[in-house]
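> One structure coming up, written as structure tokens, with questions to follow.
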């Protein structure tokens, strides 16, 4: 880490990244137990309720395409302050929504706003660390993200059951306000050099072509999309399957998602150990074994007619461990070749992931119905994709950048 930022100690950086990256799971997971309630209170279709999640996700993806170049031009700090202020305001408005259409609109704005936090968070890692060290720091932050993801559905289930879905969404405004205050208090600018041309259309399109044309970027983003797509099949479909089809209570459902997040945390811890021994490529090569085993087990049990809670949950644990390995490696690997275009690379990789989630959510909204197969087979298909990419494209990209092999760790990345 650059020593000219005395207030940005390693602990502060990890906590800041945890909050910035954790905004995504708390925004999606906290209200998942409320989806059946929303459907009943608004007399809405499954597709309409899913749109409150899909609109958030697609606007989150599109927002990253804007915030990334803005952060390269003006710096991470002003973008973070503006984004978190907008997130807090839209969270309050979504909690007060009186119709499904209004809720969709405010959730869409929420997605745009939280894109600033996640894009800048990923860019900050590249600003401060070399790719291999960045992966280790990212894995620590994503362990914290896992804690947020673990607590979010459980908290949401309790709040929805004992208060209302309005209160559950109101919790997001508190999280946004707290993160905004922390950024204003402790964050020091990290962008190495502002690029005044980053938001001009010509240079921006050129940067997009350069980043998307890089085979290392494409390989890591393909891995991110496959593993995130598998997770999103669970996020978007599990409340309808477990609560609606299998009779699980909202609090029990929240506990199930919390335990799934614990498996994800185990994956991020395992990721750090694998990075030390095998580097980025070696870590994801081994992580793919977990992804493939979990996905195929989930799909296979459902096809065999085993439709029970444990047959859904246990395979998800295995897949989540693999996801905990792939995410920090994929996010660091995708921006690694672009130290001067970190915001652009982070925004494009984030958009690709969110577009994947939008497609999954939209497809589930149309096809889920009263059967488990769209969710279980979807996870299985994504697990095959993740393993294929991890064992082929990632291993063959041939990029000479320093993430390819383990490096001696710095004190700040330990």
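> Provide the packing ranking of 331-342, 171-182, i.e. peptides ordered by the mean count of other C-beta atoms within 10 Å per residue, highest first.
Most protected by this proxy first, the peptides run 331-342, 171-182.
> Tell me, what is the percent relative contact order of the stretch 18-143, built from C-alpha pairs under 8 Å that lie six or more residues apart?
This gives 37 percent for the stretch 18-143.
> Let me ask another. So for the pair residue 96, residue 158, with labels modelled 7 Å out along Cα→Cβ, what separation do we get in nm?
That separation, rounded to one decimal, is 2.7 nm.
> Please find the FRET efficiency linking residue 306 to residue 384, where r is the Cβ-Cβ separation and R0 is fixed at 22 Å, and quote it to the nearest 0.05.
Computed FRET efficiency for residue 306 and residue 384 comes out at 0.65.
> In what order do 391, 228 fall by count of nearby beta-carbon atoms within 10 Å, going from fewest to most?
391, 228
> Can you tell me, using C-alpha contacts under 8 Å and at least 6 residues apart, the relative contact order of the stretch 284-326 as a whole percent?
Computed over the stretch 284-326, the figure is 61 percent.
> Now, a different point. If each of residue 41 and residue 392 carries a label point 7 Å out from its Cα toward its Cβ, how far apart are those two points in nm?
Once both label points are built, they end up 4.7 nm from each other.
> Using a 10 angstrom cutoff on alpha carbons, build the Gaussian network for the chain and name the most mobile of 249, 143, 347.
249
> Sort 234, 227 by Cβ crowding within 10 Å, fewest neighbours at the top.
234, 227
> Let me test this: with uniform point scatterers at the alpha carbons of the chain, what is the Debye-based log₁₀ I(q)/I(0) at q = 0.09 1/Å?
The Debye formula, applied to the Cα set alone, gives -0.48.
> Pull out the extension gain between residue 246 and residue 314, defined as 0.36 nm times the separation in residues minus the alpha carbon to alpha carbon distance; nm, one decimal.
22.9 nm
> Arrange the peptides 72-79, 307-314 so that the one whose residues have, on average, the most other Cβ atoms within 10 Å appears first.
Peptide ranking by packing, descending: 72-79, 307-314.
> Follow-up question, since we're still on this one. Taking only the alpha carbons of the stretch 256-371, what extent do you get along each of the three principal axes, in Å, biggest first?
For the stretch 256-371, the Cα extents along the three principal axes come out at 50, 34, 22 Å.
> Taking all pairs of distinct Cα atoms, average 1/r, flip it, and tell me the Kirkwood hydrodynamic radius of the stretch 85-189 in Å to one decimal place.
15.3
> For the stretch 289-305 and the stretch 1-72, what is the separation of their C-alpha centers, rounded to whole Å?
Cα centroid to Cα centroid, the span is 28 Å.
> If r is the Cβ-Cβ distance from residue 278 to residue 373 and R0 is 30 Å, what FRET efficiency results, to the nearest 0.05?
That pair, residue 278 with residue 373, gives E of 0.25.
> Another question about this same structure. Residue 212 to residue 82: FRET efficiency via 1/(1 + (r/R0)^6), r the Cβ-Cβ distance, R0 30 Å, to the nearest 0.05?
Computed FRET efficiency for residue 212 and residue 82 comes out at 0.70.
Rule-based calculations on the coordinates, nothing more; no lab input. Predicted, not measured: the structure shown is a model, and the values here were computed from it. Counting neighbours? That spans all protein chains shown, and the Cβs are built from the backbone with ideal geometry, glycine included.
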